[in-house]
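Participant: Before we start, here is the structure in question, set down as structure tokens.
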Amino acid sequence: MKNSGSKQKTEPQIIPRPSHNVSRKEISNAALKVLYRLNKAGYQAFLVGGGVRDALLELHPKDFDIATDASPDEVRALFSNCRLIGRRFRLAHVRFGREIIEVATFRAASNGDGDHPDSALDTEGRILRDNIYGTIEEDVWRRDFTCNALYYNIADFSIWDYVGGLEDIKKRRLVLIGDADTRFREDPVRMLRAVRFAAKLDFKIEQSVDTAIRDSVELLRNVPPARLFDEFLKLFQAGHAQKTFQLLRDYKLFQQLFPETDDYLNKDKVFRQFVDSALINTDRRVAEGKSITPMFLVGVFLWAPVRERAEQLMEDEAMSLPQALNAAGWDLSGMQQSRISIPKRFTAPMREMLALQPRFEKINGRRALKLLEHRRFRAGYDFFVLRAEVGEADEQLAKFWTDVQTQSADERLASFAVQGGKKKSRRRRPRRKRAKTASS
Ligand code: ATP
Ligand code: MG
């Protein structure tokens, strides 16, 4: 059997340069520099992971991970532009301008009995620390999928394959190294990685892995929410959001990430279409090299529960719609934090974007005109257009907001039926008592 357990010692299949298609042209100069310098200093230096995998698949890798027998301190001694990071998994970051090359020292598997200070598992078998250094023969077994466990040797440009990864890449199948249940227990995030790679690479998830995921989804509860935010970004911002989402739903992983949302996806067809449009839109933006912000999709996912909660608040607490949307935004983003901890710099604009929605319904007068200057106008507008696309908002209104953006100042006064440009004297309305919000 090819992938049986961490203690196994095997010889790699070594594929010489003329027999594979990984060219140095596909590897960034920064990564090459790091590889060469390690090698020159007498260390082993391999490109590993996504860099090799994507190059083999002709996907033009952008992210490069290096594995070496040099310890993190030895790596740091070689590079002035180097920082050691991570507690759970200590590694070196070598920086070249904007590009960061990750250099990891070969790891040995822990025996799991907790007698080593550099390795630790929790009571459910989840890896808390993985810092026992080892050899390449040991390192290979702790990697997740066979396609991610190919090592490109800078010494002679050959590829070392211990796990049949090349064959699996050729057959486009996602095969987990070792016993699937154990590997998911060690690190439940691997289930999300499985889905992410299957979507990105168009690989078929092997049957035993498929089954193990379905049996293990609940384990995601034990993963720290901060780590899930990092993973959320990779899942939805890599240009394959729609396909990733479908797989996450199919495996019931999505409900672990967005429990409040999942229910609405099952019962509300329009909302499902809305989410789908947003994902297609996100993928298109990524493909066109346009900027994206995670707050937009989080807002999309939370929209249905926010709306329902807002309706309830309007009824129970006599809030206005914008007030209620804002309060509901607080409630839902608060609940969401227990799963995925979304930084404030994203939740705050997300709440604003959602609370702005009713203002797109009004197109007369100064206040409507002023919406164009609101700092969340752009996001709020994009969101409104998506709602119109699925019939949840008025298409004519969406078109109005599209058109006014390209109009001159005078044309806008006419569009918004603003009189003469002169300000009307403002009558002060008596202040209304603030309604209590349910969130405080
Ligand atoms: P990409 O960079 O495209 O997301 P990648 O495969 O390079 O894909 P990274 O997160 O950069 O993924 O990790 C680099 C390599 O480290 C992986 O290819 C895999 O070999 C190993 N690895 C990363 N995360 C895990 C994990 N949770 N469990 C086991 N191995 C992992
Ligand atoms: Mg990588």
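Throughout, read-outs are computed from the coordinates displayed, never taken from laboratory work. Nothing here was measured: the structure is a model prediction, and the numbers come from that model. When we count neighbours, we look across all protein chains shown, and the Cβ atoms used for this are built from the backbone with ideal geometry, even at glycine.
Participant: Can you give the relative contact order of the chain as a percent, counting alpha carbon pairs under 8 Å and 6+ residues apart?
Facilitator: Relative CO of the chain lands at 10 percent.
Participant: What's the FRET efficiency of ASP156 with THR211 using the Cβ-Cβ distance as r and R₀ = 41 Å, to the nearest 0.05?
Facilitator: Step by step, r from the Cβ atoms, then E = 0.55.
Participant: For the chain, take the longest principal axis of its alpha carbons; what is the angle in degrees between that and the long axis of helix 207-216, to the nearest 10 within 0 to 90?
Facilitator: 60 degrees
Participant: Still on this structure, I have one more. About the Cα centre of the chain, what is the dipole size in debye to 20, counting +1 per Lys and Arg Cβ and -1 per Asp and Glu Cβ, all else neutral?
Facilitator: That gives a dipole near 2800 debye.
Participant: Follow-up question, since we're still on this one. Translational diffusion coefficient of region 8-127 at 25 °C, 0.890 mPa s, Stokes-Einstein with Kirkwood Rh over Cα pairs, in µm²/s as a whole number.
Facilitator: 154 µm²/s
Participant: Additional query: If you rank PHE46, PHE296 by fewest surrounding Cβ atoms within 10 Å, what's the result?
Facilitator: PHE296, PHE46
Participant: So for the chain, Kirkwood radius off the Cα pairs, Stokes-Einstein at 4 °C and 1.567 mPa s: how many µm² s⁻¹?
Facilitator: 52 µm²/s
Participant: When the Cα centres of region 306-356 and region 181-240 are compared, how far apart do they sit, in Å?
Facilitator: Cα centroid to Cα centroid, the span is 28 Å.
Participant: Can you figure out the FRET efficiency of GLN396 with ALA41, using R₀ = 60 Å and their beta-carbon distance, to the nearest 0.05?
Facilitator: 0.35
Participant: Here's a follow-up. Assuming a ≥ b ≥ c are the square roots of the Cα gyration tensor eigenvalues, decide whether region 177-309 counts as rounded (a/c under 1.5), prolate (otherwise, with a/b larger than b/c) or oblate.
Facilitator: Verdict is prolate for region 177-309.
Participant: On to the next question. Once you've got the GNM for the chain with C-alpha springs shorter than 10 Å, pick whichever of SER119, SER277, SER80 has the biggest mean-square fluctuation.
Facilitator: Of SER119, SER277, SER80, the Gaussian network model singles out SER80 as fluctuating most.
Participant: Please state the shape class of region 334-388: rounded when a/c is under 1.5, otherwise prolate if a/b exceeds b/c and oblate if not, all from the C-alpha gyration tensor.
Facilitator: It is prolate, given that a/c is not under 1.5 and a/b is the larger ratio.
Participant: Given Cα pairs under 8 Å that are at least 6 residues apart, what percent is the relative contact order of region 1-90?
Facilitator: Across region 1-90, relative contact order equals 23 percent.
Participant: Further question on the same structure: Would you work out which of VAL75, THR406, THR105 lies farthest towards the positive end of the dipole of the chain, given +1 charges on the beta-carbon of Lys and Arg and -1 on that of Asp and Glu, about the Cα centre?
Facilitator: THR406
Participant: Continuing with the same structure: List the pairs from LYS269/LYS344; LYS267/LYS370; LYS204/LYS234 whose alpha-carbon separation is above 27 Å, in the order I gave them.
Facilitator: LYS269/LYS344; LYS267/LYS370
Participant: Going toward the positive end of the dipole of the chain, with +1 on Lys and Arg Cβ and -1 on Asp and Glu Cβ, which of ILE363, LEU279, SER19 do you reach last?
Facilitator: So the residue we want is ILE363.
Participant: Once the cut-off is 20 Å, how many percent of the Cα-Cα pairs in region 294-415 end up in the long-distance tail?
Facilitator: More than 20 Å apart: 45 percent of the Cα pairs in region 294-415.
Participant: Lys/Arg Cβ at +1, Asp/Glu Cβ at -1, dipole of region 170-226 taken about the Cα centre: which of SER208, VAL223, VAL175 is farthest positive-ward?
Facilitator: Selected residue: VAL175.
Participant: How would region 118-196 be classified by its alpha-carbon gyration tensor: rounded, prolate or oblate, with rounded meaning a/c under 1.5 and the a/b versus b/c comparison settling the rest?
Facilitator: oblate
Participant: Ok, one more. Using Cα centres only, tell me the gap between region 376-401 and region 8-85 in whole Å.
Facilitator: Centre-to-centre (Cα) distance: 47 Å.
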